[in-house]
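The structure under discussion appears below in the form of structure tokens.
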Amino acid sequence: MNTGLNEYILAIVTCEKDKIKNGGCPVFLAQGQEEMEHISLLLARVLGGVVHDLENGVYFVCKH
């Protein structure tokens, strides 16, 4: 039986400062859409995660 954490959010990336709230996850603020995509892809590659687009100006990187 696996009792460890299997799925969790590693990072959040946004270019909209008003969408940032305090929490237990690192949040990266980008200067625009292109930088947001670039940061998300680099974080996913380094952390071994997958990028998901919430289609509201927020990307998150999670581990499945």
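Values quoted throughout were computed directly from the atomic coordinates according to the rules given, and no laboratory measurement underlies them. The structure presented is a predicted model; accordingly, all values stated were derived computationally and were not measured. Every residue, glycine among them, receives a Cβ derived from its backbone with ideal geometry; neighbour counts consider all protein chains shown.
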### Message
Just to confirm the filter: which chymotrypsin sites (Phe, Trp or Tyr not before Pro) across the chain are DSSP coil and have at most 13 other Cβ within 10 angstrom of their Cβ?
### Response
none
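Given R₀ = 25 Å, FRET efficiency for residue 50-residue 18 by Cβ-Cβ distance, to 0.05? Could you put the intermediate results ahead of the total?
Details: r = 26 Å, r/R0 = 1.03.
My answer for the efficiency is 0.45.
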## Note on the structure
For the chain the trypsin sites (Lys or Arg not before Pro) that pass both the DSSP coil test and the at-most-16 other-Cβ-within-10 Å test are 21
### Query
For helix 33-47, what angle does its Cα long axis make with the longest principal axis of the chain, in degrees from 0 to 90 and rounded to 10?
20 degrees
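Could you work out the local net charge near residue 59, counting Lys and Arg as +1, Asp and Glu as -1, over the other residues with Cβ closer than 14 Å to its Cβ?
Once positives and negatives cancel, what remains is -4.
Only bridges whose two residues both fall in the chain count here: according to DSSP, what percent of them are antiparallel, nearest 5?
Working: 10 of 13 bridges.
Counting DSSP beta bridges with both partners in the chain, the antiparallel share is about 75 percent.
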### Query
Taking N as the number of residues in the chain, what is its alpha-carbon radius of gyration divided by 2.2 N^0.38 Å?
1.14
